[in-house]
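Asks: Here it is, the structure in full.
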Amino acid sequence: MEQRRFILALILSATVLIVWEYLFRPSVPQTQSVRQPVAQPTQQAQAQALLPESVQTIEEAPPKTITISTPLYEAKFSSRGAVLESWILKKNKDTGRPLYSVGRDGKQPLELISPIGLERGEAPLQIRTGDQALDTILDHSSYSIVGVDAQGDVRLELEGGQTARLDFVLRDPKMGIEAIKTVVFDADRYGFDLILKLTRDGNPLPEARLAIGPSIGDQGIPRYTFYSVPPEGVAIVDDEVKRVHASSVHKDDNDVKKLQGKIDWAGVGDTYFAMVAIPQRPVASIEYRTERYEHQADGQKEERFLITGLMAIPTDGFPLRFYVGPKDHYLLQEASATISSTVGRPVDLERLIDYGFLASLSRPLAVPILWAIKRLYGVTGSYGAAIIIFTIAIYSLFFPLKWRSTKAMKRAQKVAPRMKELQERLKRLKPDDPRYKELQMEQLKLMKEANFLGGCMLLLIQMPFIFALYRAITISLDFRQASFLWMPDLSAADPLHILPILMAISMFVLQIVTPSPSDDPAAKMQRNMMAILLPVMMLYMLWRAPSGLLVYWFVGNLVGFGQQLVINRMLKSEDDEPPPTKRVEVESRGKGERATSPASAAARRTANA
């Protein structure tokens, strides 16, 4: 029985490791050098040769930069290609708190547009038609901007409640091309509206693909980890969420992944931020393309990928609504309601959030947990203190379960010798012996009374809350860059790694004070091994975990330690009770065994005397 319990503990530990690796799969850093693709001069020359004279003349004019500044964001468009070059988030619309990048150079602006992508000629809102000559014209030509009379760069300041409209127009009479991108901004929401019209000789082109991305997200992240995922593609295809990992597209699909079906919306984003295109009506396909590059931070190289979504849309003045902002539960709910009323169909942007493999379990728990912590924050003014109060409340609810679990383990400790004796006797009996069943019934009754798995069940009940709290931290901007004690960001790892060490130590101490189901020396040795092994494994897994999650775990261990001391003291009087009496005695006689009661055995001994 002790060996089985030890094996069960190892299996549970391995299961936790496997599930954790599956749910929070990291981006694997590569130490080998990666050869960066370099555009060949001949290709550039060929692309230039494809430009008609009129476009070559237009390209010589310096491009304009149009900056739109609102209380929520600052966006920059370039007249060359009519593309988005910068999108900086300024503040959290819900709380009013300013937003910054998690980079290590202080409070840097939170830029969502990839500078690597811009360097390689990729930008949001580019148009791809499949015609190389036409694509070159659309990318390299300078569009005229209707309503902007200034010769140089332009800056538009929008206050709350104000809107602005920009019309980027490109006409080439020789090629018969007319391209119009109409962009409408609203100072009170993250994103913009886009209307695209693209014609040749007065007729709309059959189809064009509009670029979403590449690699939208916080561009200041130094390294991706278990808890900070790289940008990925997300699309709703036939009412199912499809997540497209850039590394998988590069390795398995030769850098191109095409999704077909009814596309309700599609986008690109990292853990906390995303750009999503919501068409007026569902479209037929979205294509994700990737490109590998090498990132270097702190003297270490990391393999990264640009990922861009290319949505197939009509070119006859087709309207789209873009959301460019935080993947926050409440902000996404608000945006979904607004966009649904605009496009005339239900849109649920909260499906951007990856709740993991156990989404059906973690999502119903994560949202109430987030609600409770936000209410506690309103009282305490600190998210760290709110998590501590929440932890104490949750562990107080678990106290009756902990009481029953400890009581069951105390009972198991008392019946362990009798269980071992029954096992030895069962080994000496054949399964068809009538006394075999009688011993089995007693064994089952003792197991039911002792409940040897009581401690494991308590851990299994608590695990969903731990996963749900992690999800709550990743679905809300409130924890991001919320400081507590020495920790500058509850959504990021402890920079000093003090919390992971304290968590592991407290976990070890808690296991030591928890009663063992058996006094057997071998069982105690196995338990001591697990008391060391499990904290070490958790220390490894949670070394870079969000500080908010570690605050919950550490405080939970402290509360559990105090509860265990109280329970041990209250149950101490029961330790003096004798172990259960033997209900069955088995005497060996020849080749068989006979079951007798203690009274009958005593009478037989007296008669023999």
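Asks: Mind putting a number on the dipole of segment 65-350 about its Cα centre? Charges go on the C-beta only, +1 for Lys and Arg and -1 for Asp and Glu, and I need it in Debye to the nearest 20.
Replies: Values: 34 positive and 43 negative charges, 8 e Å.
So the magnitude is around 40 debye.
Asks: Rounded, prolate or oblate for segment 135-175? Axes are the square roots of the Cα gyration tensor eigenvalues, ordered a ≥ b ≥ c, and the cut-off for rounded is a/c under 1.5.
Replies: Details: a/c = 2.77, a/b = 2.36, b/c = 1.18.
Verdict is prolate for segment 135-175.
Asks: Same structure again: Residues of segment 297-414: accessible area per residue at 1.4 Å, in Å²? Can you show the working numbers first?
Replies: Working: 4730 Å² over 118 residues.
Result: 40 Å² per residue.
Asks: Just the Cα atoms of segment 138-220: what Rg and Dmax do they give in Å?
Replies: Every Cα atom of segment 138-220 included, Rg and Dmax give 15.4, 45 Å.
Asks: Then there is this: On full extension of the chain, what length is gained from V513 through K90, given 0.36 nm per residue of separation minus the C-alpha to C-alpha distance?
Replies: On the way: separation 423, 0.36 × 423 = 152.28 nm, distance 4.93 nm.
Result for the pair: 147.4 nm of gain on full extension.
Asks: Where the centroid of each part is defined by its Cα atoms, how far is segment 282-328 from segment 216-280 in Å?
Replies: Each part's Cα centre sits 7 Å from the other's.
Asks: Which order do you get for R428, R569 if you rank them by accessible area with a 1.4 Å probe, largest at the top?
Replies: R569, R428
Asks: Using alpha-carbon pairs under 8 Å, 6+ residues apart, how would you state the relative contact order of segment 65-350 in percent? Walk me through the intermediate numbers first.
Replies: Values: 707 pairs, mean separation 47.4, N = 286.
Relative contact order here is 17 percent.
Asks: What shape does segment 219-289 have by the C-alpha gyration tensor, where a ≥ b ≥ c are the square roots of the eigenvalues, rounded means a/c under 1.5, and otherwise prolate means a/b greater than b/c and oblate the rest? Don't jump to the answer; show the numbers that get you there.
Replies: Working: a/c = 2.51, a/b = 1.50, b/c = 1.67.
In terms of gyration-tensor shape, oblate.
Asks: For segment 238-303, what's the relative contact order in percent, using C-alpha pairs closer than 8 Å and at least 6 residues apart? Let's see the in-between values first.
Replies: Working: 81 pairs, mean separation 20.9, N = 66.
The normalised contact order for segment 238-303 reaches 32 percent.
Asks: What nm value, rounded to one decimal, do you get for the distance between L156 and R171 when each label is placed 7 Å out toward the C-beta?
Replies: Output for this residue pair reads 2.1 nm.
Asks: At 7 Å along Cα-to-Cβ for each site, give me the label-to-label distance between K437 and K251 in nm.
Replies: 5.6
Asks: Can you list the residues, at least 5 places off or on another chain, whose amide H is less than 5 Å from the amide H of Q162, using H built in the peptide plane?
Replies: Counting only residues 5 or more places away or on other chains, the set is A187.
Asks: Let me check I've understood the local charge: for G202, count other residues with C-beta under 12 angstrom from its C-beta, Lys and Arg +1, Asp and Glu -1. What total comes out? Display every interim value, and only then the final one.
Replies: Details: positive: R171, K197, R200; negative: E178, D201, D316.
Result for the local shell: 0.
Asks: Related question: Using a 7 Å offset from the Cα along the Cα-to-Cβ direction at both L397 and S340, what is the distance between the two label points in nm, to one decimal?
Replies: Each label point is offset 7 Å from its Cα along the Cβ direction, giving 2.7 nm.
Asks: Another one. Take L558, L376, L496 and sort them by solvent-accessible surface of the protein heavy atoms, 1.4 Å probe, largest at the top. Before the final figure, lay out the partial values.
Replies: Values: L558 90, L376 45, L496 110 Å².
From most exposed to least exposed: L496, L558, L376.
Asks: Another one. On the full set of protein chains, 1.4 Å probe, figure out the accessible area of R165 and give it in Å² to the nearest 10.
Replies: It works out to around 150 Å².
Asks: Further question on the same structure: Report the full-extension gain for the segment K427 to E119: residue separation times 0.36 nm, less the Cα-Cα distance, to one decimal in nm. Intermediate values should be presented prior to the final figure.
Replies: Values: separation 308, 0.36 × 308 = 110.88 nm, distance 7.51 nm.
Full extension from K427 to E119 adds 103.4 nm.
Asks: Take the Cβ-Cβ distance between T380 and D239 as r, set R0 to 45 Å, and report the resulting FRET efficiency rounded to the nearest 0.05. Kindly include the intermediate steps, with their values, before the conclusion.
Replies: Working: r = 41 Å, r/R0 = 0.91.
After rounding, the FRET efficiency stands at 0.65.
Asks: Once amide H atoms are built 1.01 Å from N in the peptide plane, which residues 5 or more positions from V283, or in another chain, come under 5 Å H to H?
Replies: Those lying under 5 Å, H to H, from V283 are I263.
Asks: Let me ask something else. For V229, which sequence-distant residues (separation of 5 or more, or a different chain) have an amide H within less than 5 Å of its own amide H, given hydrogens modelled in the peptide plane?
Replies: Here T271 satisfy the definition.
Asks: On to the next question. Hand me the GluC sites (Glu not before Pro) from segment 108-172 located in a DSSP loop with no more than 14 other Cβ atoms within 10 Å, in residue order please. List each step's numbers first, then the result.
Replies: Numbers: sites: E111, E119, E122, E157, E159; in loops: E122, E159.
Passing sites in segment 108-172 are E159.
Asks: Something else now. Determine the share of segment 65-350's accessible area contributed by carbon and sulfur atoms, expressed in whole percent, with a 1.4 angstrom probe.
Replies: On the way: 5060 of 11040 Å².
Carbon-and-sulfur percentage of accessible area, whole number: 46.
Asks: Of the lysine pairs in segment 241-354, how many meet both conditions: Cα atoms under 17 Å apart, and a spacing of 8 or more in sequence or different chains? Kindly include the intermediate steps, with their values, before the conclusion.
Replies: Details: K242/K257; K242/K258; K242/K262; K242/K327.
Qualifying lysine pairs in segment 241-354: 4.
Asks: Before anything else, pin down the relative contact order of segment 194-316: Cα pairs under 8 Å, at least 6 apart, normalised by residue count, whole percent. Write down the numbers at each step before the final one.
Replies: Details: 279 pairs, mean separation 42.3, N = 123.
That works out to 34 percent.
Asks: Now a separate question. How much net charge surrounds F561 when only other residues with a Cβ under 14 Å from its Cβ are counted (Lys, Arg +1; Asp, Glu -1)?
Replies: On the way: positive: K402, R569; negative: none.
Summing Lys and Arg as +1 and Asp and Glu as -1 gives +2.
Asks: Is the C-alpha gyration tensor of segment 65-350 telling us rounded, prolate or oblate? Criteria: a/c under 1.5 is rounded; beyond that, a/b larger than b/c is prolate, otherwise oblate.
Replies: Numbers: a/c = 1.32, a/b = 1.17, b/c = 1.12.
Here segment 65-350 falls in the rounded category.
Asks: In addition: In the neighborhood of D239, defined by Cβ-to-Cβ distances under 13 Å, what is the net charge if each Lys or Arg adds +1 and each Asp or Glu adds -1?
Replies: Taking every Cβ under 13 Å from that of D239, the sum is 0.
Asks: How much length, in nm to one decimal, is gained on full extension between R97 and H497, taken as 0.36 nm per residue of separation minus their Cα-Cα distance? Present the calculation step by step, with values, prior to reporting the outcome.
Replies: Values: separation 400, 0.36 × 400 = 144.00 nm, distance 2.64 nm.
Residue separation times 0.36 nm, minus the Cα-Cα distance, leaves 141.4 nm.
The values are calculated or read from the model by the stated rules, or taken from the named source; none is laboratory data. Here the structure is a predicted model, which is why all the values come from computation and not from measurement. As a convention, Cβ positions derive from the backbone with ideal geometry for all residues, glycine included, and neighbour counts pool all protein chains shown. We work out accessible area using only protein heavy atoms, side chains counted, and drop any ligands, DNA or RNA first. Shrake-Rupley method; radii C 1.70, N 1.55, O 1.52, S 1.80 Å.
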